[in-house]
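Following: one structure in structure tokens, then a few remarks.
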Amino acid sequence: MDIASCLTPYKWKKPVLVGSGVQGAFDYHAVDCPFVFRHKGRFYMMYVGFDGSGYQTALAISDDLLIWKHLSTILRRDNGPDWDSKNIAGTWIMRDNDMHGQGTLKKWNGKYWLAYHSYPGDGYEEGSAKIGLAWTEDESLLEWTRVKEPILVPEDGDSWERGGLYKECLLEHEGSFYLFYNAKDRNHGRWVEQTGLATSTDLVHWKRHGHNPVIR
């Protein structure tokens with residue numbers, strides 16, 4: 001592949017989304033983790049907002065990639081005892097893998113699939129995050145059902161990922177699923193962040209790659 005076709009030498013002079021600064025809003029302090037895709041002929045961006053207590057996940061919509069309008073918060077914190085009750089940060093929805101494609105969403109078993117991570121404590125990225133999945137059959141992408149248990153947890157990994165898992169990327173290729181994820185070796189102080197890979201054939205049972213981390 002000619003690398004010139006993949007370069008992006010031009011930079012828009014201002015951010016397209018910022019924290020709202022509205023007291024009580026899900027994005028009061030900041031926005032993070034943008035994920036852009038095409039759906040029903042329009043551009044969408046999934047992104048997370050930080051309100052001072054934790055992350056929640058929203059959608060924005062655009063016709064030109066420059067002007068974005070907040071659409072809805074799609075993954076909200078719960079107050080119950082579940083593992084993802086404090087934070088829920090969506091980072092990837094399974095989509096077309098083609099480097100030169102339009103980034104349109106793709107289904108498996110008639111559903112769209114979303115990967116997210118959750119930190120267990122209140123505050124900014126407190127504790128060792130775990131990774132989970134959610135799915136929807138709703139073509140508006142507003143109503144999601146979370147898979148009850150996390151699919152990847154730091155306790156099951158090696159020492160380089162014990163500080164938590166996050167920024168996951170979910171791909172399907174020739175009937176297999178690939179989950180790339182970032183991990184750190186500790187929660188506080190000077191940690192080391194690296195990238196790992198887990199694979200699955202059913203989105204339920206996942207196996208870490210034998211030569212992790214794949215990007216050191």
In a Gaussian network model of the chain with springs linking alpha carbons closer than 10 Å, the residue among Trp135, Trp191, Trp12 that fluctuates most is Trp12
Loop only per DSSP, at most 15 neighbouring Cβ atoms within 10 Å: give me the GluC sites (Glu not before Pro) in the range 112-216, ordered by residue number.
Glu137, Glu139, Glu143, Glu174
Give the carbon-plus-sulfur fraction of the accessible surface of the range 61-155 in %, rounded to a whole number; probe 1.4 Å, heavy atoms of protein chains only.
48
Restricting things to Cα coordinates, could you compute the convex hull volume per residue of the range 7-80 in Å³?
114
Just the accessible area per residue of the range 59-161, please: how many Å² with a 1.4 Å probe?
49
Calculate what fraction, in whole %, of the accessible area of the range 164-216 sits on carbon and sulfur atoms when a 1.4 Å probe is rolled over the protein chains.
52
As straight-line cross-link partners of Lys11, the qualifying lysines (C-alpha separation under 28 Å, not fewer than 8 residues apart within one chain) are Lys40, Lys69, Lys167
Can you give me the distance in nm between label points at Lys40 and Val147, each placed 7 Å from the Cα along the Cα-to-Cβ direction?
2.6
His173-Asp98 pseudo-label distance in nm [points 7 Å out on the Cα-to-Cβ vector]
1.7
Kirkwood Rh, angstrom, the range 98-155 [1 / mean 1/r, Cα pairs]
13.4
Hand me the trypsin sites (Lys or Arg not before Pro) from the range 86-166 located in a DSSP loop with no more than 14 other Cβ atoms within 10 Å, in residue order please.
Lys106, Lys107, Lys148
Roughly speaking, what is the centre-to-centre gap between the range 68-144 and the range 161-216 when only Cα atoms are used, to the nearest Å?
16
Treat each spin label as a single point 7 Å out from the Cα along the C-beta direction, and report the Asp122 to Ala4 distance in nm.
5.7
Which trypsin sites (Lys or Arg not before Pro) from the range 15-47 combine a DSSP loop assignment with at most 12 other Cβ atoms within 10 Å?
Lys40
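The values are calculated or read from the model by the stated rules, or taken from the named source; none is laboratory data. Quantities reported herein were computed from a predicted structural model and do not represent experimental measurements. Quick reminder, even Gly has a Cβ in these numbers, built from the backbone with ideal geometry, and neighbours come from all protein chains shown. All accessible areas refer to the heavy atoms of the entire protein, side chains included, with ligands and DNA or RNA removed. Shrake-Rupley method; radii C 1.70, N 1.55, O 1.52, S 1.80 Å.
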